[in-house]
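Everything on this sheet refers to the single structure shown next.
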Amino acid sequence: MLSSLARFLLVSAAVIPAALAKPEQIRGVSSPIFHFYLQAYPQDPTIPVMGPETSSEYFNIGGTIQSTNSSMYLNIGSDSTSYKTLTFAEAGSTDAWALEGDTIITSQSSSFGRQLNFLVCQLSGSYWQVYLQTGSETPAGKTCSNYQSLHLPCLC
């Protein structure tokens, strides 16, 4: 039988990592979204975009991705195209998100499998709408950049 101290230490070891997790920015690392950050589009807060750092949001990541600025969750749509629409919503319907080092991915065990590529399409000025990319399709008539990856700030 475990002593009270041993039980306390086991419970503490399970809880402390979650308590120490801090909200993080999510950024692009290559052109055209180099050092742009994930945030809600100012004209429609349900649309996730990569935009200027000055309007960046912070996120808790672990199965779901939730903004600490707005409490909205990043969800993946069920589009028939290889690019899946991402939306911000009050409920977290996507629990596929994971980290691989500092890279945002969908987990291997999710219905999407391990995906780490994103598509971004320019909306206006410095704002690029973000999609999860599971193949190579892109929307017609839009300025887009395929095979982008999203990362936490440098873990250096």
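The values are calculated or read from the model by the stated rules, or taken from the named source; none is laboratory data. This is a predicted model, so every value here is computed, not measured. With ideal geometry, Cβ positions are generated from the backbone for all residues, glycine too; neighbour counts draw on all protein chains shown. Accessible surface is based on the protein model in full, side chains and every heavy atom, while ligands, DNA and RNA are left aside. Shrake-Rupley method; radii C 1.70, N 1.55, O 1.52, S 1.80 Å.
For the chain, the fraction of 1.4 Å probe accessible surface lying on carbon and sulfur atoms is 56 percent. On the beta carbon distance between Ser55 and Glu137, with R0 = 22 Å, the FRET formula returns roughly 0.15. Its Cα centre serving as origin, segment 32-156 has a Cβ charge dipole (Lys and Arg +1, Asp and Glu -1) of approximately 200 debye. If you run the Gaussian network model on the chain, springs between alpha carbon atoms under 10 Å, then out of Thr134, Thr143, Thr94 the most flexible one is Thr143.
Say the dipole of the chain comes from +1 at the beta carbon of Lys and Arg and -1 at that of Asp and Glu; which of Ile76, Pro153, Ser93 then lies farthest toward its positive end? Going by the Cα projections, it comes out as Pro153. Computed on the chain, with alpha-carbon pairs under 8 angstrom and 6+ residues apart, the relative contact order is 21 percent.
Computed over protein heavy atoms with a 1.4 Å probe, the accessible surface of the chain works out to 53 Å² per residue. Computed from Cα positions, the angle between helix 4-20 and the longest principal axis of the chain comes to roughly 10 degrees.
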